[in-house]
Amino acid sequence: MRQYLDLCQRIVNEGCWIENKRTGKRCLTVINADLTYDVANNRFPIITTRKSYWKAAIAEFLGYIRGYDNAADFRKLGAKTWDANANENQVWMNNPHRKGTDDMGRVYGVQGRAWRKPNGETVDQLRKIVNNLSRGIDDRGEILTFLNPGEFDLGCLRPCMYNHTFSLLGDTLYLTSYQRSCDVPLGLNFNQIQVFTFLALMAQITGKKAGQAYHKIVNAHIYEDQLELMRDVQLKREPFPSPKLEINPDIKTLEDLETWVTMDDFNVVGYQCHEPIKYPFSV
Ligand SMILES: Nc1nc(=O)c2c([nH]1)NC[C@@H]1CN(c3ccc(C(=O)N[C@@H](CCC(=O)O)C(=O)O)cc3)CN21
Ligand SMILES: O=c1ccn([C@H]2C[C@H](O)[C@@H](COP(=O)(O)O)O2)c(=O)[nH]1
């Protein structure tokens, strides 16, 4: 939690104002942030200086794991987070590839589970990684990449957290996740939870011990309409100790994640937090 607050404070102290064309807003911005999450000791990196809707964060990531391309499917799991990008972004609404209400196009999990090859076949990147890790294999290329520049025009948004690389040292599993663009008040609150939970889940279904998760961010920003709340409210609060994440031990395979898992299979124990803060969201 300290590392999150340090990053927020660094943006407030040292950030540069950058005009963002897509949203029409200015962002206070720094380049490069490195965060580490201790999954081995289950120190769940949830924000405690405001209420965090952690179930929505896990639901969103489960939707990526399942390869969903529709905001309605994310809503059914418990995440409303794609409603605006699927249905309120004028550029995407005017895109002839958009298949109607709630369609997100070929983003995130679609690329992760069904990357298109020139011959018409698809590559299931996640299945390959799970198969290899389960057999104790790390081919130094256990990479799940959502970033497909050839298909940017087929999706509502380019992926922000776009690459997850797994590594095995003996029977300990590590994860390194890369993020090109980070809305620190809103997005990072979710992304921290997602990186942590992804490693915990992958360790569980491949029979490995979870090690550390490394989260590398390039452009970390606070939108102009979020700054006051961050600087004058959230950063004035003292964090509480990290809680623990409990995952249903019956989740044993990728198929379990694809079929029956719901948010009832996750629990956070000992979460103490300050009052909610409602940050503005930019489409
Ligand atoms: N500007 C922007 N920031 C983002 O973080 C973001 C995007 N766009 N577009 C794609 C996804 C969607 N994500 C989102 C979208 C909404 C919330 C959000 O509104 N969070 C609130 C309430 C959550 C709830 O009630 O479930 C929060 O207080 O955390 C968070 C992440 C992250 N991504
Ligand atoms: O997982 C996510 C998804 C999105 N974001 C944020 C980062 C930016 O503020 C916007 C995306 O805008 P771009 O113009 O495509 O960079 O969404 C996030 O923080 N985390």
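When nucleic acids and ligands are ignored and a 1.4 Å probe is applied, Ser181 ends up with an accessible area of around 30 Å². Assuming charge only on the beta carbon of Lys and Arg (+1) and of Asp and Glu (-1), the dipole of the chain about its Cα centre is about 240 debye to the nearest 20.
Once the other residues with Cβ under 13 Å from the Cβ of Leu168 are scored (Lys, Arg +1; Asp, Glu -1), what is the net sum? Numbers along the way, then the final one.
Numbers: positive: Arg135, Arg140, Lys208, Lys209; negative: Asp138, Asp139, Glu142, Asp171.
That works out to 0.
Exceedance of the 31 Å cut-off in Cα-Cα distance is limited, within the set Lys21/Lys80; Lys51/Lys76; Lys99/Lys209; Lys128/Lys278, to Lys99/Lys209; Lys128/Lys278. Averaged per residue, segment 20-157 has 47 square angstrom of accessible surface, using a 1.4 angstrom probe with ligands and nucleic acids left out. A straight chain from Asn20 to Gln90 at 0.36 nm per residue would run longer than the Cα-Cα distance by 23.6 nm.
Given charges of +1 on the Cβ of Lys and Arg and -1 on the Cβ of Asp and Glu, with all other atoms neutral, how large is the dipole of segment 55-197 about its Cα centre, in debye to the nearest 20?
Numbers: 17 positive and 16 negative charges, 34 e Å.
For this selection, approximately 160 debye.
A DSSP coil position with no more than 11 other Cβ atoms inside 10 Å describes the following GluC sites (Glu not before Pro) in segment 99-156: Glu121. Within the listed set Thr145, Thr259, Thr197, the residue fluctuating most in the Gaussian network model of the chain (springs between alpha-carbon atoms under 10 angstrom) is Thr259.
Pulled fully out, how much extra length does the chain show between Asn248 and Ala114, if you take 0.36 nm times their separation in residues and subtract their Cα-Cα distance?
Working: separation 134, 0.36 × 134 = 48.24 nm, distance 2.74 nm.
Between Asn248 and Ala114, full extension yields an extra 45.5 nm.
Summary value for the chain: 27 percent relative contact order, contacts being C-alpha pairs under 8 angstrom separated by 6+ residues.
Going toward the positive end of the dipole of segment 1-144, with +1 on Lys and Arg Cβ and -1 on Asp and Glu Cβ, which of Ala86, Leu126, Ala114 do you reach last? After comparing all options, I get Ala86. Between Asp264 and Thr145, how high is the FRET efficiency from 1/(1 + (r/R0)^6) when r is the Cβ-Cβ distance and R₀ = 35 Å? Nearest 0.05. Step by step, r from the Cβ atoms, then E = 0.70.
Label segment 138-258 by shape, choosing from rounded, prolate and oblate, from the square roots a ≥ b ≥ c of the eigenvalues of the Cα gyration tensor; if a/c is under 1.5 it is rounded, and otherwise prolate applies when a/b is larger than b/c, oblate when it is not. In terms of gyration-tensor shape, oblate.
Within segment 227-280, which trypsin sites (Lys or Arg not before Pro) sit in a loop by DSSP and count at most 16 neighbouring Cβ atoms inside 10 Å? Before the final figure, lay out the partial values.
Values: sites: Arg231, Lys236, Arg237, Lys244, Lys252, Lys278; in loops: Arg237, Lys252, Lys278.
Within segment 227-280, the qualifying trypsin sites (Lys or Arg not before Pro) (loop, at most 16 other Cβ atoms within 10 Å) are Arg237, Lys252, Lys278.
Note on His97: accessible area approximately 90 square angstrom, rounded to 10, probe 1.4 Å, nucleic acids and ligands left out. Annotation: aspartates and glutamates with alpha-carbon distance below 19 angstrom to Lys236 (same-chain offsets under eight excluded): Asp6, Glu14, Glu224, Asp225, Glu228, Glu275. In this label model, Phe152 and Lys236 are separated by 4.1 nm, measuring between points 7 Å along each Cα→Cβ vector.
Surface composition of segment 1-64: carbon plus sulfur atoms contribute 46% of the solvent-accessible area (1.4 Å probe, protein chains only, all chains present).
Can you give the accessible area per residue of segment 161-283, in Å², using a 1.4 Å probe? Numbers along the way, then the final one.
Numbers: 5140 Å² over 123 residues.
With the other protein chains kept in place, segment 161-283 gives 42 Å² per residue.
Among Gln179, Gln212, Gln272, the residue with the largest mean-square fluctuation in a Gaussian network model of the chain, with springs joining Cα atoms closer than 10 Å, is Gln272. Computed over neighbours whose Cβ is under 11 Å from that of Arg180, the net charge equals +2, Lys and Arg +1, Asp and Glu -1. For segment 35-52, 3J(HN,Hα) computed residue by residue from phi via the Karplus equation (6.51, -1.76, 1.60; θ = phi - 60°) reads 10, 10, 10, 8, 6, 3, 9, 6, 8, 5, x, 8, 5, 10, 7, 7, 5, 10 Hz, glycine and proline entered as x.
Is the C-alpha gyration tensor of the chain telling us rounded, prolate or oblate? Criteria: a/c under 1.5 is rounded; beyond that, a/b larger than b/c is prolate, otherwise oblate. Judged from the Cα gyration tensor, the chain comes out oblate (a/c at least 1.5, b/c at or above a/b).
Helix-only estimate, please: 222 nm mean residue ellipticity of the chain, summing -39500 (n - 2.57) across DSSP H runs of length 4 or more and dividing by its residues, to the nearest 500.
Numbers: 10 runs with 90 residues, N = 283.
That comes out to -9000 deg cm²/dmol.
The values are calculated or read from the model by the stated rules, or taken from the named source; none is laboratory data. From a predicted model like this one, the values you see are computed outputs, not experimental measurements. Quick reminder, even Gly has a Cβ in these numbers, built from the backbone with ideal geometry, and neighbours come from all protein chains shown. Protein only, heavy atoms only, side chains kept; ligands, DNA and RNA dropped before computing areas. Shrake-Rupley method; radii C 1.70, N 1.55, O 1.52, S 1.80 Å.
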